[in-house]
Structure formats: structure tokens, C-alpha cells
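Below: one structure, written as C-alpha cells.
The values are calculated or read from the model by the stated rules, or taken from the named source; none is laboratory data. Since the structure is predicted, the reported quantities are computational estimates derived from the model, not experimental observations. Glycine also receives a Cβ, built like all others from the backbone with ideal geometry; neighbour counts cover every protein chain displayed. Accessible surface is based on the protein model in full, side chains and every heavy atom, while ligands, DNA and RNA are left aside. Shrake-Rupley method; radii C 1.70, N 1.55, O 1.52, S 1.80 Å.
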Amino acid sequence: MTQVRHYLQFSDLNRDDYQYLFQRAQVLKRRHGSGELYRPLVGKVMSMVFEKNSTRTRVSFEAGMSQLGGHAMFLDANTSQLGRGEPIEDTARVLSRMSDIIMIRTFEQSNVERLAANSRVPVINGLTNEYHPCQILADILTFIEHRGPIKGKTVAWVGDGNNMCRTWLQAAKLLDFKLKAATPVGYELKALDGQHYGPEHFEPSHSAEHAVAGADLVTTDVFTSMGFEAESVARMEAFRNYQITADLMKHAKPDALFMHCLPAHRGEEVAADVIDGPQSVVWDEAENRMHGQKALIEYLLLGRVDD
Ligand code: CP
Ligand code: NVA
């Protein structure tokens, strides 16, 4: 099988790739905003496989593919043969003979790895239990648009040591910023990639105030991620003191941004006056899923483009 480039974890691309992608995403965003039609992917098809719910991921990939001149096809577990036990390896062989790129949202990271290992075309991780690289691509794009380069900055994570938090950690090392993560006892972040994360890139604690102190960006996520619903009662109790409130935001830099990948639960992980307040950039962040992914898809299919 020929060598195909996949995007399964944030660390699948290097610093130089990201520098290109952030710049390219802003170019594509401007061109789309000005009404220009740019359709390098006419005739190309994306298969999108969803084993978990989605609003942003589905719409951003589908809209992005259409804008680039291609087409995106939605498959879910309930109505495809995946839900009736067809192996992911066989699914990969079939989808990759009829489409040019595949996006999958699933449970275990090993599912996307097995899909990629049997695919002739690039595979993109649209969220697993372990990682959510497309979201962090959008989040850092959003930070850059509002505040400039993220290198040397401090990102505060408050809440679950989950897929989002773990992807922030990979990004911190790759793009050279610091992640201060405050998680409740028992919900600490565990790196799963065998990498060493030194104190210049990762400062874990159990204190939300400590994490947020001096931060340039404060971010959080739901207490209970998809697939972990059976734990939600215990989690609600464990995360009681991990809400991002206006008082907590006062510990961050005065110009700190607030981000949330969404969907959000006002009054649980974030207070309404924070997510709906002046420091919040969550709607830009959501929109940037589409612009960042358009740059990513173009890169995986066509390589670096400078027109
Ligand atoms: N942030 C995100 O991935 O949103 P969806 O679950 O709606 O796709
Ligand atoms: N951590 C959340 C992110 C949702 C976009 C989840 O996995 O459900």
C-alpha cells in the first residue's frame, strides 16, 4: 500500500506543518468571506463515519468539503453495517476504494488506527475517547487570530483530564507553550503517547485557581464526555469545584480569552456570564473548525498550496 498521510493525533504533524496550516486556514477563511469560489476538490468525496453524536464536526466537514468543490457523505453506526458488526478493517477497505478521504468519530483510538492501517486514503480523527485534534487545530487558530502566536503563552485547563485536555498537551510540546491543567483527584490527565512532558510544557494540579493564575487562555469541557455517561452522577460530585466562574477568570491575565469546544452546560463546567461574556470567543472557535479543517483536508490531499 502506498504511503498515505493521516491525521489521527495532533502530533501526526510537526511545528512547520502547523505554521503552514494556521496561515493557510486564515487565507482560506478570508477568501471564503470575500465570496470567492475556490474549488480544488471538484469530484473528490469524503466519507464521514460517526459512532458518536455531533453537530459542529459534521457540519464543518460537510460545509468545508462543499466549499472546496467536493462532497461529504454521512454514515452512522445505526444505519451502516458497522453497527451490525462489520469489522472496521473491512469498512476501511471498502470506503477507501470509493472515497478520497475519510473522517471518523469513534470510541477507542485503536479504531481510527485500524481504519487508517487498512485505508488507501487519508484518515482524519474527528474525536475519539483519547484525542480531538481537529478541535485543538481550531482552538489555536482562534487564539492566533485574537492574540498572535501561542508560543510561550499559558493555557489553563480546568476540569476533566479527557480527550481535549490530552490533545492540548501534545500541542503544548509541539508548539512550545505551557498547559496548566487542574483536574479533580481521580480524573488527572494521563499522556498515552509515551512522550515525556516536562514542566516547561505541563503543570498539573488539583487547583483551578493555580491553573488559571496568569493564563492567556482559560478553557474547559463537559464533565462527562460521550461514552462515559454511566459515570455522570459521580462526576457531577467530583467536579463540583471546577466551574469556570467570573471570579475564577479574575486570576487569569486581564486580556485572557475563554474557549470551550462546545456543546456547553451553563451552570456546570462554566458560568453563563463567562461563556456569554466579553472574554469568550467560543463562536469564532466553532466557526474555525471549518476553516482549519479546510486547510487540513487540502493539505492531506494536495500538499502545500500557495495560490
Ligand atoms: N466540538 C465538537 O466536536 O462538537 P460536536 O460534538 O458538535 O461535533
Ligand atoms: N470531551 C467531549 C468533547 C465533545 C466535543 C466528548 O468527548 O464528549
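Observations on the model:
- Backbone HN-Hα couplings from phi across the stretch 108-121 [Karplus 6.51/-1.76/1.60, Hz, Gly and Pro as x]: 6, 4, 4, 5, 5, 5, 5, 4, 5, 5, 10, 10, 7, 10
- Angle between the chain longest axis and helix 15-33 axis [Cα atoms, degrees, rounded to 10]: 80
- Between the stretch 1-32 and the stretch 40-73, the C-alpha centres lie 16 angstrom from each other.
- Cα-based helix-to-principal-axis angle, 282-302 vs the chain, degrees rounded to 10: 40
- Interchain or long-range residues, amide H under 5 Å from residue 270's placed H: 244, 265
- Computed from point charges on the beta carbon alone (+1 for Lys and Arg, -1 for Asp and Glu), the dipole magnitude for the stretch 133-206 about its Cα centre is near 120 Debye.
- Whole-number percent relative contact order across the stretch 1-119, with pairs defined as alpha carbons under 8 Å at least 6 apart: 27
- Look at the dipole of the stretch 1-138 built from charges on Cβ: of 72, 10, 119, the Cα furthest out on the positive end belongs to 72.
- Projecting the Cα positions of 158, 140, 182 onto the charge dipole of the chain (unit charges on Cβ atoms of Lys, Arg, Asp and Glu, taken about the Cα centre) puts 140 furthest along the positive direction.
- Mean Cβ count within 10 Å, highest first, over the residues of peptides 120-131, 193-204: 120-131, 193-204
- Simple Cβ-charge dipole of the chain, Lys/Arg +1 and Asp/Glu -1, about Cα centre, in debye nearest 20: 760
- Under 5 Å between amide hydrogens, built in the peptide plane, is the criterion, and for residue 217 it picks out 154, 156, 257 among residues at least 5 positions away or on other chains.
- Whether the stretch 71-134 is rounded, prolate or oblate, judged on the alpha carbon gyration tensor where a/c under 1.5 counts as rounded: rounded
- Cross-link pairs 153/294; 153/250; 52/294; 253/294; 178/294; 173/253 - those with Cα-Cα distance over 24 Å: 153/294; 253/294; 178/294
- Fraction of alpha-carbon pairs over 22 Å apart in the stretch 119-220 - percent: 26
- Local electrostatic count at residue 241 - Lys and Arg +1, Asp and Glu -1, tallied over other residues with Cβ under 14 Å: -4
- Charge dipole (the chain, unit charges on Cβ, about Cα centre) - positive-most of 43, 257, 195: 43
- The chain pair-distance distribution - Cα-Cα, 20 Å bins, rounded %: 34, 58, 8
- Mean accessible surface per residue for the stretch 193-307, computed with a 1.4 Å probe while every protein chain stays in place, in Å²: 46
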